[in-house]
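Trainee: This is the structure I have questions about; it appears just below.
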């Protein structure tokens, strides 16, 4: 089973921080509008799922083990969230947030907050990658979080390399999640339990810096039988030649980053950076348009392959 933030039973590296928020909740002092920010793959969503499980499972069997920062697999709330059927939990995923119909999903969330909770327990709204919400969706969200019910918590997950509207940020308490380099390496080795990270080509290792990113990359390589030490150039050739961007959802969702990674490598090695920078802007803009408007991306990748990979 692929490990994702929602099914990751173990939380590594944030023991003291988790204990701090747990204690705030126990004293009824936990802010009900929280932004968890940090680099991509640092564990923001995993942390939020663990905090949600602690809250939901307090009066359940197999409740959250905060001493080990572990969700117990037989816990009722954990199972219900995995099935997307927990009556007091509403999730807007990064995929929901990327769609042009995201405003409808936000309206569903508003209806969820207006209904009475099951057993009068707390409700939790989690929005993964809140930076993807457009202005209309954020404005709709603002209306409900300005004066939320005391029993509703909003956990907003945010990649701090992106931007969110100040009107949203100013209404929330922001917690920035950071892992020291030594702790990051320990977590990566614990999660992988193999030589993948040691064998990984520096093209990827120099930019894939968080545990979540490395785990994602391993899943992509494993699913598509790709050598651990492959360069970014060869990796992109395989993606395009074998049309893996059509067949593999992980590759499709991370295609922009792989292209950006290729250009970052070129910036470090090429003398004529202006030419490369113009191509970088051109291709990233084209790919972004394809993703936003659900256009066919194949012709852009063929052009990229011809102009750069096979030059």
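The values are calculated or read from the model by the stated rules, or taken from the named source; none is laboratory data. Not measured: the values here are computed from a predicted model. So basically every Cβ, Gly included, is an ideal-geometry build from the backbone, and we count neighbours across all protein chains shown.
Trainee: Inside region 159-168, can you point out the residues that are in a helix (DSSP H, G or I) and buried (at least 16 other Cβ atoms within 10 Å of the Cβ)?
Mentor: Scanning region 159-168 gives a single hit, 168.
Trainee: With the structure loaded, tell me whether residue 5 is outside the structural domain of residue 109 (by TED's automatic domain parsing) and part of a loop (DSSP other than H, G, I, E, B) or whether it fails that test.
Mentor: Taking the combined requirement at face value, the residue satisfies it.
Trainee: Next question. State which residue pairs qualify: first residue closer than 19 Å to residue 2 by Cβ and in the same structural domain as residue 265 (by TED's automatic domain parsing) and inside region 197-216, second residue at pLDDT 85 or above and surrounded by fewer than 20 Cβ atoms within 10 Å (Cβ to Cβ) in any location, beta carbons under 6 Å apart, and separation of 6 or more residues or different chains.
Mentor: From region 197-216, the pairs are 200/228; 210/39.
Trainee: List the residue pairs whose Cβ atoms are under 9 Å apart, where the first residue sits in region 160-172 and is under 16 Å from residue 125 (Cβ atoms), the second is modelled with pLDDT of 90 or more and assigned to a loop (DSSP other than H, G, I, E, B), and the two are 6 or more positions apart or on different chains.
Mentor: Taking only residues 6 or more apart or on different chains, the pairs are 172/31.
Trainee: Another question, then. I want to confirm something. Restricting to region 217-231 and keeping residues that are without any contact (Cβ under 8 Å) to a residue 60 or more places away in the chain and under 22 Å from the mean Cα position of the chain (by Cα), which single residue is nearest to residue 38 (Cα to Cα)?
Mentor: Residue satisfying both the conditions and the ranking: 217.
Trainee: Oh, and also: Does residue 117 meet the test of being in contact with a strand residue (DSSP E or B) (Cβ under 6 Å, 6 or more places away or on another chain), in the same structural domain as residue 160 (by TED's automatic domain parsing), in contact (Cβ under 8 Å) with a residue 12 or more places away in the chain and surrounded by 13 or more Cβ atoms within 10 Å (Cβ to Cβ)?
Mentor: yes
Trainee: Restricting attention to region 11-57, which residues are modelled with pLDDT of 95 or more, over 16 Å from residue 158 (Cβ atoms) and touching a strand residue (DSSP E or B) at 6+ places or on another chain (Cβ under 6 Å)?
Mentor: Across region 11-57, the qualifying residue is only 52.
Trainee: Which residues, taken from region 133-170, are more than 19 Å from residue 11 (Cβ to Cβ), touching a strand residue (DSSP E or B) at 6+ places or on another chain (Cβ under 6 Å) and modelled with pLDDT of 90 or more?
Mentor: 152, 154
Trainee: Taking region 129-145 on its own, how many of its residues are buried (at least 24 other Cβ atoms within 10 Å of the Cβ) and assigned to a loop (DSSP other than H, G, I, E, B)?
Mentor: Total meeting the criteria: 1.
Trainee: What pairs come up if the first residue lies in region 65-83 and is farther than 11 Å from residue 54 by Cα, the second is at pLDDT 95 or above, and their beta carbons are under 6 Å apart, counting only those six or more places apart or on different chains?
Mentor: 74/62; 76/60; 80/86; 81/89
Trainee: Across region 230-245, what is the number of residues that are farther than 12 Å from residue 301 by Cα, touching a helix residue (DSSP H, G or I) at 6+ places or on another chain (Cβ under 8 Å) and part of a helix (DSSP H, G or I)?
Mentor: 3
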